[in-house]
Amino acid sequence: MGKVTFLRHHKPAGPLPNHLQSMVSANESRLGCFFGNIFYFDEVTSTNDLALEWAANGAIEGTVIVARAQTAGRGRQGRRWVSLADGGLYASLILRPCQVLPLLTHTVGVALAESLRALTDLEIELKWPNDLVIKTKRKVVSEYRKIGGILTESAGCSGSCQYVVVGFGINLEASNLPIEVAKLATSVEAELGYKVDSARLMVESLAAFVRWHKILLERQTDVILNRWRALSPSSEGAHVEWRRQSEWHGGMTVGIDDGGALLVRKENQIERVLAGEIRWIL
Ligand code: BTN
């Protein structure tokens, strides 16, 4: 890593836990730029905060910050991301340059969904823009519960973007979820009835991202978009409400366009939803 000395609120990274270290060593050839650049912390405020700070201070592409717990984990729209010790996978990747920014979150989504599916056989789906979800049937009603999420942040993007930080969280343990979150969320353990090997999931997620990031850098965006669409049945035919400025609008999803924006039919018009708050009526 480049010289990084600015570690305001955190103790220095500790050694990788033994099992994670052996998984990393055994998968050197699949980890690309991440190999040798994984930094492990017992507790941080937010891996994204630390990664943004490191990136601003010169950390190289491929730096990964992993934490056992976060005291101020956050999600989109300033929401809290509950991050108890070992309750989930909490990690942030530093990437640069980022000329492929628009589809980066989609690419990470595909990589995470595929690694989770391969390791657990769970039918993980993607829900626009950044959710990993699972469809569960309680009584007769189907509903989506969130199992993971992605938070992509960047700086210096006017003209040339200098770096981008992609943070992801996957709920691993059933007891990690406070009651108010448990209604809408789930965890790998809650779905499977047993715990998964979190080090393996970490390494498989990074290896899957290496594969998909290569495809993105080769500008094979169709391959990424097609896979994303296949993993996201809710991006077609679902009722949604979204907020533009202070007004809520309603419509039916009809897919995502080539820039990754959600397309929604409202009356006779197709609207492009790019960001902001969205409610799914599934
Ligand atoms: C979302 O669904 O809104 C995105 C959640 C992203 C959570 C991860 S956990 C690791 C990284 N650090 C954070 O503070 N947030 C992301």
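The values are calculated or read from the model by the stated rules, or taken from the named source; none is laboratory data. Everything quoted here is computed from the prediction, not taken from an experiment. Here the Cβ positions follow ideal geometry from the backbone for every residue, glycine too, while neighbour counts run over all protein chains shown. Calculation scope for accessible area: heavy atoms of the full protein, side chains included, ligands and nucleic acids excluded. Shrake-Rupley method; radii C 1.70, N 1.55, O 1.52, S 1.80 Å.
Some notes on this structure:
- Local net charge near residue 211, Cβ-Cβ under 12 Å (Lys/Arg +1, Asp/Glu -1): 0
- Only the Cβ atoms of Lys and Arg (+1) and of Asp and Glu (-1) were treated as charged; on that basis the dipole of the chain about its Cα centre amounts to roughly 260 debye.
- Cα coordinate range in segment 154-282, projected on the principal axes (Å, largest first): 48, 40, 30
- Pairwise Cα separations in segment 227-278 fall into 5 Å bins from 0 onward with the following percentages, short to long: 5, 22, 33, 26, 11, 3, 1.
- Relative contact order %, the chain, counting alpha carbon pairs below 8 Å whose residues are six or more apart: 16
- Solvent-accessible surface of the chain, taken per residue with a 1.4 Å probe and all protein chains present: 48 Å².
- Summing charges over all other residues whose Cβ lies under 12 Å from the Cβ of residue 124, with Lys and Arg as +1 and Asp and Glu as -1, gives -1.
- Atom-type composition of the exposed protein surface of the chain places 50 percent of the accessible area on carbon and sulfur (1.4 angstrom probe).
- Debye equation applied to the C-alpha atoms of segment 188-263, log10 I(q)/I(0) at 0.20 Å⁻¹: -0.96
- Cα centroid separation, segment 167-245 to segment 27-68 (Å): 19
- Average projected area [Cα convex hull, the chain], square nanometres: 15.5
- Within the chain, helix-based [θ] at 222 nm, where runs of 4 or more DSSP H residues each add -39,500 (n - 2.57), nearest 500: -8000 deg cm²/dmol
- Placing unit charges on the Cβ atoms of the charged side chains and taking the dipole of the chain about its Cα centre, the candidate lying farthest along the positive direction among 55, 83, 208 is 83.
- Debye, to nearest 20: dipole size of segment 190-233, +1 on Lys, Arg Cβ, -1 on Asp, Glu Cβ: 100
- Lys/Arg +1, Asp/Glu -1 at C-beta; the chain dipole; positive extreme among 13, 194, 248: 248
- Cα centre as origin, Lys/Arg/Asp/Glu Cβ charges: segment 148-282 dipole, Debye: 200
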